[in-house]
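Written out below as structure tokens is the structure these notes cover.
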Amino acid sequence: MTNRLELSGVIAKDPKRSKSLAGIPHCHFVLEHRSYQREADLPRQVYCYINVVVSGQGQQILTQDLAVGSHIKVGGFVSYQTGRNGIGKLVLHADHIEKI
């Protein structure tokens with residue numbers, strides 16, 4: 001089954017770094033995307049916020065220069081996550097980040 005998402009946008013919230021109990025480093029941030037797409041042969045303005053996480057020691061180099069306002073393109077897979085408050089959300093687990 002295919003699960004791959006690529007999205008460009010601007011970092012909307014400061015990246016937060018943490019380590020899991022197993023010692024795996026994570027970097028969490030929010031990406032804001034705005035664009036115009038065509039749907040039913042009509043232009044449509046689209047907008048979304050998506051939570052992004054980058055995990056693993058080797059991947060942290062991708063996040064070292066990220067800050068609010070950075071324009072990036074992110075690629076990875078999406079997964080559903082339930083927060084402590086019981087509210088669910090989609091999270092993009094990034095394995096590729098490119099500054100644009």
Quiz item: Leaving out ligands, DNA and RNA, what percent of the accessible area of the chain is carbon and sulfur, probe 1.4 Å?
Solution: 53 percent
Quiz prompt | Separation in nanometres of the label points that stand 7 Å from Cα toward Cβ, at Arg4 and Asp41 | solution = 3.2 nm
Quiz item: ³J(HN,Hα) across the stretch 36-41 via Karplus (A = 6.51, B = -1.76, C = 1.60, θ = phi - 60°), whole Hz, x for Gly/Pro?
Solution: 10, 10, 9, 9, 6, 6
Quiz item: What are the extents of the Cα atoms of the stretch 5-99 along their three principal axes, listed from largest to smallest and rounded to whole Å?
Solution: 49, 32, 20
Quiz item: Quick one: net charge of Ser8's neighbours, Cβ under 13 Å, K/R +1, D/E -1?
Solution: 0
Quiz item: Around Gln64, with a cut-off of 12 angstrom between Cβ atoms, what is the net charge of the other residues, counting Lys and Arg +1 and Asp and Glu -1?
Solution: +1
Exercise. Quick one: which residues, 5+ away or cross-chain, put their amide H under 5 Å from the amide H of Asp95? H built at 1.01 Å from N.
Key: Gly75, Gly76, Phe77
Practice problem: Give a residue-ordered list of calculated ³J(HN,Hα) values for the stretch 6-19 (Karplus: 6.51 cos²θ - 1.76 cosθ + 1.60, θ = phi - 60°; whole Hz; x for Gly, Pro). | Solution: 10, 8, 10, x, 10, 5, 9, 9, 3, x, 10, 9, 8, 10
Quiz item: Considering the chain as a Gaussian network with a 10 Å cut-off on Cα pairs, which listed residue, Ile50, Ile11, Ile61, attains the greatest mean-square fluctuation?
Solution: Ile61
Exercise. Kindly write out, for the stretch 68-80 in residue order, the coupling ³J(HN,Hα) from the Karplus curve 6.51 cos²θ - 1.76 cosθ + 1.60 (θ = phi - 60°), rounded to whole Hz, with x marking Gly and Pro.
Key: 4, x, 5, 8, 9, 10, 10, x, x, 10, 9, 9, 7
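Using the heavy atoms of the protein chains and a 1.4 angstrom probe, tell me the accessible area per residue for the chain in square angstrom.
Per residue, the chain has an accessible area of 69 Å².
The values are calculated or read from the model by the stated rules, or taken from the named source; none is laboratory data. No experiment lies behind these values; they were computed from the predicted model shown. For neighbour counting, all protein chains shown are included, and Cβ atoms are generated from backbone atoms with ideal geometry for every residue, glycine included. The accessibility values were calculated without ligands, DNA or RNA, using every heavy atom of the protein model including side chains. Shrake-Rupley method; radii C 1.70, N 1.55, O 1.52, S 1.80 Å.
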